[in-house]
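To keep things clear, I will list the structure first and then write my remarks on it.
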Amino acid sequence: MSELLQLVEPGTTRDPHADAQSGVVGIDLGTTNSLVATLIEGTPQIIPDLDTGARLLPSVVSYLEDQDAPIVGKEVGGTTFRSIKRLIGKGLDDIEHSLPWEASASQEGPDVIYLQAGSKTKTPIEISADILKMLKKRAEAWLKHPVKQAVITVPAYFDEAARMATKQAAHLAGLNVLRLINEPTAAAYAYGLDKNVEGVYAVYDLGGGTFDFSVLKLSKGIFQVLATSGNRDLGGDDFDRALADMFLKERNRDEKLSPSQYADMLHAVRSFKENLGQTVDLRLEINGVVSQHTLPPAKQKQVWSGLINDTLTLVKATLDDIFLSPSDVKGIILVGGSTRFDILRKEIESLFGRPPLTDLNPDETVALGAALQAESLTHGSEHLLLDVTPLSLGLEMMGGVVEKIIHRNTPLPVSKTQEFTTYQNNQTGMQLHVVQGEREFSKDCRSLGHFELTGIPPGVAGSARIQVTYSLDADGLLTVEAMETQTKTRQHIHIKPTYGLDDKKIRHLIEDSLIHGQDDMKTRLLESARLDGKRVLQGLENLIKNNPDLLQDADSEKIHEAVKQFKDILQQSNRDLIIAEQKKLEKTCHAFVESCMNIRVQQALDGRNIENYKES
Amino acid sequence: MSKNPYMLFQIPLTYDVDKQQIERTYFRLQKEFHPDRYRHVSSLEHEAAKVQSGHINTAFRILNDPIDRAKSLLEAHQETMDDAIEDPDFLMDIMELQETLEAQPSVSFYESLVERRQKIEETLRTAFLNKDLKTAKQALLKLKYLDNLVKDGKKKLSLEGDAKEIQKDLSTSQ
């Protein structure tokens with residue numbers, strides 16, 4: 001980084017050749033294809049392969065038995081890996097479709113798997129690194145100088161494990177990641193600068209393996225992301241799979257395909273899908289049995305409308321979140337090879353009331369935007385990208401409930417402080433569990449880290465004031481600080497994700513929170529009623545213990561009975577009953593509590609230290 | 001402590017604000033203070049910009065949110081928000097509304113909530129215009145309740161809409 005430290009006024013124009021010399025690139029590391037781009041005399045351009053002139057690099061890596069170096073970009077035998085992006089940052093349990101490769105749990109951590117390539121063992125991180133190395137080589141050959149820094153794009157909805165894994169892959173490839181930016185944001189950046197447009201634009205990004213939707217406001221050199229959402233497990237691959245499964249049904253044979261046969265079939269189906277404009281007929285040959293298939297538009301709709309609707313439901317929810325309607329959107333930018341189908345474009349048109357924009361190459365826009373951002377971060381620019389955090393960040397409360405501190409779609413950087421208190425008497429420490437996600441309970445969110453604040457002065461429950469501050473910078477790095485306000489005891493951590501959350505849970509984070517919102521709310525309300533009840537119970541038990549002489553014989557039995565009964569009720573899952581019984585308990589014990597309080601006041605007036613009269 | 005958003009954005013101390021002007025100021029300030037503009041300058045300034053830019057983001061959010069804006073407007077007038085609602089009937093009303101929302105949410109009921117919310121906001125607006133801060137405080141307390149009800153109502157209605165859609169999807173796929 002030190003080589004970049006040069007004093008330039010913010011916003012000043014730089015030497016037009018500076019970028020070419022510093023070797024900064026933008027990389028779109030895609031599920032199906034990858035690209036590298038850089039700024040040439042102020043204009044972002046895709047860097048082609050020096051020999052072949054190819055602009056796309058298929059994200060395909062083959063490992064041969066007799067050769068150490070992998071072959072990237074084409075299938076040459078040996079073991080070939082495709083769509084590896086779908087596996088990055090995932091553990092074995094998170095993978096929903098059977099893989100055509102031998103996979104096993106790794107020793108690297110729960111979010112990395114081992115894949116067998118003949119006698120070699122590879123992780124998705126290493127395979128991604130090989131793609132990045134190839135892109136780096138391509139750029140260096142073309143630019144004729146070393147390339148060391150890059151902005152790499154990721155799906156907006158990539159979770160922390162996937163982002164971390166992508167950074168590690170870049171590191172392995174010898175690239176310093178200036179920043180990971182969200183693919184739809186990169187696309188809008190490139191589009192906005194190229195067309196010089198203003199207003200609200202949406203990016204519909206359906207890649208090979210992921211779906212992202214973002215809404216941006218473009219205004220005088222500012223690219224303000226208003227909202228972003230997505231599904232990291234919905235992409236063109238799923239369209240292929242739906243189609244392949246339908247064709248298998250049409251063959252009407254009870255055939256069992258091996259994983260590699262199925263992979264071959266998917267491959268055939270994909271090229272058929274990509275050429276739907278030319279032909280709607282497909283001939284399949286599996287195990288020597290030939291079948292003929294046809295896919296007219298009506299049938300396309302039948303097989304894909306479920307998947308398309310899944311994306312449009314998310315689109316509507318995202319717009320709704322920021323109080324916009326589809327008609328407020330001035331243009332819909334399409335990104336990703338999977339947005340080429342006519343039926344998808346028609347559905348988008350009918351939702352927004354206008355046809356999507358098709359004047360930019362959906363394969364290249366993202367890499368161009370990444371190159372622009374790389375330039376901006378190293379040399380400064382007249383343009384500014386204001387991005388948001390795609391997922392909420394919160395703190396686990398008693399009962400496992402999450403208190404959101406930074407909400408999703410909050411502009412970066414941001415720093416937010418919230419005050420919390422102790423739950424028990426004489427509590428001197430506090431465990432803080434930082435989580436990411438939209439759900440109500442921490443077990444359904446991604447755990448990012450734990451830390452402990454100690455040195456809280458002892459006192460009654462609820463008397464301490466603990467300020468917890470979450471700071472999220474423009475690079476998405478989170479710092480959490482907790483401070484006890486009386487003694488100014490501080491504790492802070494830079495959050496590095498503690499891997500291990502079940503990705504299946506993250507997968508439909510937002511959709512789930514939409515669907516399960518009501519259940520969550522009910523459980524949450526029950527938990528809070530229980531917590532209240534427990535507090536009352538605990539307070540009461542302490543009073544009983546410390547004031548045995550105040551309990552008159554007649555009362556004693558009644559109160560003990562009421563306490564016992566209430567304990568049983570707390571075990572039940574009936575919120576209304578808990579609340580009603582708590583009121584009853586309070587009423588029963590009212591006189592006793594009052595006399596305890598009278599004593600306490602008296603003692604305080606007498607100058608006795610209340611601490612000596614501790615409740616516990 | 002961050003500056004009062006009204007001071008930071010240098011806008012008149014009124015409840016109604018010019019959103020377009022605020023957005024222009026927001027963009028202008030971010031163009032100046034966003035840390036990305038200092039990343040290539042020096043780490044010291046980069047750090048300082050991070051803090052400033054965060055304040056600007058927070059202030060922008062507050063000024064665009066009716067409740068937080070009213071709160072910071074009161075703060076700008078050196079008023080604190082530690083009052084309680086002086087109208088016990090209001091709290092009873094809220095509880096009833098909550099129950100109705102829980103038991104039988106409907107579009108027309110939701111619309112009536114929106115209308116009530118608007119009425120209270122109008123009281124708040126008038127109170128600020130008349131510099132009647134005491135009334136403004138009470139109206140703001142009430143607005144918070146109604147605002148939550150409206151939000152809950154919206155969530156409930158959209159949840160039910162989704163549930164219906166899911167049901168529909170299931171029935172067509174069979």
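Here, each number is a calculation from the coordinates, and none is a lab measurement. Predicted model only: the values in this text are computed from it and were never measured. Cβ placement follows ideal geometry from the backbone for every residue including glycine, while neighbour counts extend to all protein chains displayed.
From the residues B:F60, A:A186, B:T135, which one has its Cα farthest along the dipole of the protein assembly as shown in the positive direction, the dipole being from +1 and -1 charges on Cβ of Lys/Arg and Asp/Glu about the Cα centre? After comparing all options, I get A:A186. When the C-alpha to C-alpha distance is required to be over 23 Å, the pairs from A:K90/A:K122; A:K346/B:K155; A:K558/A:K587; A:K133/B:K50; A:K545/A:K584 that qualify are A:K346/B:K155; A:K133/B:K50. Counted by neighbouring Cβ atoms within 10 Å, the residues A:R138, A:R179, B:R24 run from fewest to most as B:R24, A:R179, A:R138. Given the C-alpha centroids of region A:286-329 and region A:70-97, what is the distance between them in whole angstrom? Going from one Cα centre to the other spans 25 Å. The residues neighbouring A:S214, those whose beta-carbon lies less than 10 Å from its own, together hold a net charge of -4 under the Lys/Arg +1, Asp/Glu -1 convention. Within 10 Å of the Cβ of each residue in A:375-385, the mean number of Cβ atoms contributed by other protein chains is 3. The residue among A:G380, A:A105, A:A117 whose Cα reaches farthest toward the positive pole of the charge dipole of the protein assembly as shown, with charges on the beta-carbon of Lys, Arg, Asp and Glu, is A:G380. The dipole here belongs to region A:389-501: it is taken about the Cα centre, uses +1 on the Cβ of Lys and Arg and -1 on the Cβ of Asp and Glu, and is about 20 debye. May I ask for the net charge around B:A84, where only other residues with Cβ less than 15 Å from the Cβ of B:A84 are counted and Lys, Arg are +1 while Asp, Glu are -1? With Lys, Arg at +1 and Asp, Glu at -1, the net is -2.
Measure nothing fancy, just the Cα-based angle from helix A:575-605's long axis to the longest principal axis of chain A, in degrees from 0 to 90, nearest 10. Here the helix axis deviates by roughly 50 degrees.
If you sort the three axes of the alpha carbon gyration tensor as a ≥ b ≥ c, you get a/c of 1.5 or more for region B:13-168 and a/b no higher than b/c, which makes it oblate. For chain A, the longest principal axis of the Cα atoms and the long axis of helix A:236-251 meet at an angle of about 70 degrees.
Per-residue Cβ neighbour counts within 10 Å put B:L8, A:L276, A:L477 in the sequence A:L477, A:L276, B:L8, beginning with the fewest.
Going from the fewest other Cβ atoms within 10 Å to the most, the residues A:K137, B:K3, A:K488 appear in the order A:K488, B:K3, A:K137.
Helix A:553-571 axis versus longest C-alpha principal axis of chain A: approximately 10°, rounded to the nearest ten. Which of rounded, prolate or oblate describes the protein assembly as shown when judged by the alpha-carbon gyration tensor and an a/c cut-off of 1.5? In terms of gyration-tensor shape, prolate. Along region B:17-27 the Karplus relation, 6.51 cos²θ - 1.76 cosθ + 1.60 evaluated at θ = phi - 60°, assigns HN-Hα couplings of 10, 8, 4, 5, 5, 4, 5, 4, 5, 4, 4 Hz to successive residues, with x for each Gly and Pro. In a simple Cβ point-charge model (Lys, Arg +1; Asp, Glu -1; nothing else charged), the protein assembly as shown has a dipole of about 700 debye relative to its Cα centre.
Projecting the Cα atoms of A:H267, A:A244, A:L257 onto the charge dipole of region A:236-302, computed from C-beta unit charges around the Cα centre, puts A:A244 farthest toward the positive end. Evaluating 6.51 cos²θ - 1.76 cosθ + 1.60 at θ = phi - 60° for every residue in region A:274-285, the Karplus couplings come out as 5, 10, 4, x, 8, 9, 10, 10, 9, 10, 10, 10 Hz, glycine and proline recorded as x. Region A:341-416 and region A:100-162 have their alpha-carbon centroids 23 Å apart. Around the Cα centre of chain B, unit charges on the Cβ atoms of Lys, Arg, Asp and Glu (plus for the first two, minus for the last two) sum to a dipole of about 820 debye. Among B:L143, B:L63, B:L101, the largest mean-square fluctuation in a Gaussian network model of chain B, built with springs joining Cα atoms closer than 10 Å, belongs to B:L101.
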